[in-house]
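Okay, here's the structure, questions in a sec.
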Amino acid sequence: MRRPLAVAIVAALILPATVAAQEFDCIIEARQTVDIRSPVEGLVESLGAERGQVVRKGQVVVQLESGPERAALAIAKSKAESTGPLRAAEAKLDLAVKKETRAQELARQNFISPNALEEARTERSLAESELRVARENQKLAELDVSRISELLNMRTIRSPINGVVVDRFLKQGEFATANTKDPIMRLAEIDPLNVEVILPARLFGDVKRGDKAEVTPETPKQTFTAVVSVVDQVMNAASGTFGIRLELRNPNQAIPAGARCKVRFQKIGG
């Protein structure tokens, strides 16, 4: 997944022996960004959110035109709900069974020839086959309803995350393709946010998952508490640094992703 909001992070150059009060440069990023694409081709009938608008997981964000698919689904449902052929096949089998039973009784009394009895048995066998076909057709009709329903659902695209619309690339009436290079819109999850920090190698082992830190973004000028969620286990040999990530709650979307910040650890290097 692309991370368009990521920028270079510069570590502090002067580090005292204890850095509990030392501030480090950091950058605030979206938790994740998602490009919304269409799994099928079609005209965009409507878009469910504007740029900058908050969306919820499961919310419809793109609706493709689906007239033919809806018509096909209606036909398939009509076939699946039609029980006439099945009932006719059941009635025909019931009649054939009765005729065979009657023929067997007459054959024992020598009132009909063996050929007549065989014809009654054959008629019953054919009726059983017709009933099996009718049941199979009924099952196929029900499966066709499921198939077309899935195709129809693919034309209704829902948000996979709670987030905000970063950009819209298509408008109503434009043609959406299944090409992975052509997204319809881009969403970003901004609660929680990621805070990325680069620390010098000498502090490796002093920062642990679960540690708390105070994060002050460039805007708004407030201090928020974040928790260390990731500590890189591979260092950058060229710069002698390693990265950490903090999780910063943002329930009111007051903190913008992409903002630079300062971070001060509550306990580090002790």
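Every number in this text was worked out from the coordinates using simple rules, so none of it is lab data. Because the structure is predicted, anything quoted here is derived from the model rather than measured. Cβ placement follows ideal geometry from the backbone for every residue including glycine, while neighbour counts extend to all protein chains displayed.
Hey, fewest Cβ within 10 Å first, where do Thr241, Thr83 land in order?
Fewest to most other Cβ atoms nearby, the residues stand as Thr83, Thr241.
To check my understanding: the extent here is largest minus smallest coordinate of the Cα atoms along each principal axis. What are those three numbers for the stretch 67-153, in Å, largest first?
Each principal axis gives a Cα extent; for the stretch 67-153 these are 65, 14, 13 Å.
Taking 0.36 nm per residue of separation and subtracting the Cα-Cα distance, what length does fully extending Gln22 through Ser125 add? Each step should come with its number before you reach the end.
Numbers: separation 103, 0.36 × 103 = 37.08 nm, distance 8.98 nm.
Stretched fully, the Gln22-Ser125 segment lengthens by 28.1 nm.
So if each residue of separation counts as 0.36 nm, and I subtract the Cα-Cα distance between Asp232 and Glu41, what length gain in nm does that give?
Taking 0.36 nm per residue and subtracting the Cα distance, the gain is 64.6 nm.
Determine the distance separating the Cα centre of the stretch 178-225 from the Cα centre of the stretch 77-114; give it in Å without decimals.
74 Å
Between Arg108 and Leu140, what FRET efficiency follows from the Cβ-Cβ distance if R0 is 41 Å, with the result rounded to 0.05?
The formula returns an efficiency of 0.45 here.
Report the residues of the stretch 153-189 in range of a label on Arg70: point 7 Å along Cα→C-beta, backbone N strictly under 15 Å from it.
Those under the cut-off are 153-157.
Using a ≥ b ≥ c from the Cα gyration tensor of the stretch 129-270 (square roots of the eigenvalues), is it rounded, prolate or oblate, where a/c under 1.5 gives rounded and otherwise the larger of a/b and b/c decides, a/b for prolate?
Prolate, since a/c reaches 1.5 and a/b exceeds b/c.
Compute the long axis of helix 67-81 from its Cα atoms, compare it with the longest principal axis of the Cα atoms of the chain, and write down the angle in degrees, 0 to 90, nearest 10.
40 degrees
Do any of Lys57/Lys212; Lys208/Lys262; Lys57/Lys181 go past 26 Å between their Cα atoms, and which?
The pairs that break the limit, which is 26 Å between Cα atoms, are Lys57/Lys212.
Specify the angular offset, from 0 to 90 degrees and rounded to the nearest 10, of the alpha carbon long axis of helix 114-153 from the longest principal axis of the alpha carbons in the chain.
Helix 114-153 sits at roughly 20 degrees to that axis.
While we're looking at this one, here's another question. Count neighbours as other Cβ atoms within 10 Å of each site's Cβ, and list the chymotrypsin sites (Phe, Trp or Tyr not before Pro) in the stretch 203-263 that are DSSP loop with at most 16 such neighbours.
Loop-located and lightly packed - Phe204.
I would also like to ask the following. Determine the relative contact order of the chain: mean sequence separation of Cα pairs under 8 Å and six or more apart, normalised by residue count, in whole percent.
So the answer I get is 32 percent.
Among the lysines, which fall within straight-line cross-link reach of Lys139, defined as a Cα-Cα distance under 17 Å, with same-chain neighbours fewer than 8 residues apart omitted?
Output for Lys139: Lys77, Lys79.
Right, here's the next one. To the nearest 0.05, what FRET efficiency results for Glu174 and Lys98 with a Förster distance of 51 Å applied to their C-beta separation?
About 0.20, to the nearest 0.05.
Please give the FRET efficiency for Gln32 paired with Gln59, using the beta carbon to beta carbon distance and R0 = 25 Å, rounded to the nearest 0.05.
Taking R0 as 25 Å, the efficiency between Gln32 and Gln59 is 0.90.
Jot down the per residue volume, in cubic angstrom and as a whole number, of the convex hull over the alpha-carbon atoms of the chain.
About 220 Å³ per residue, rounded to a whole number.
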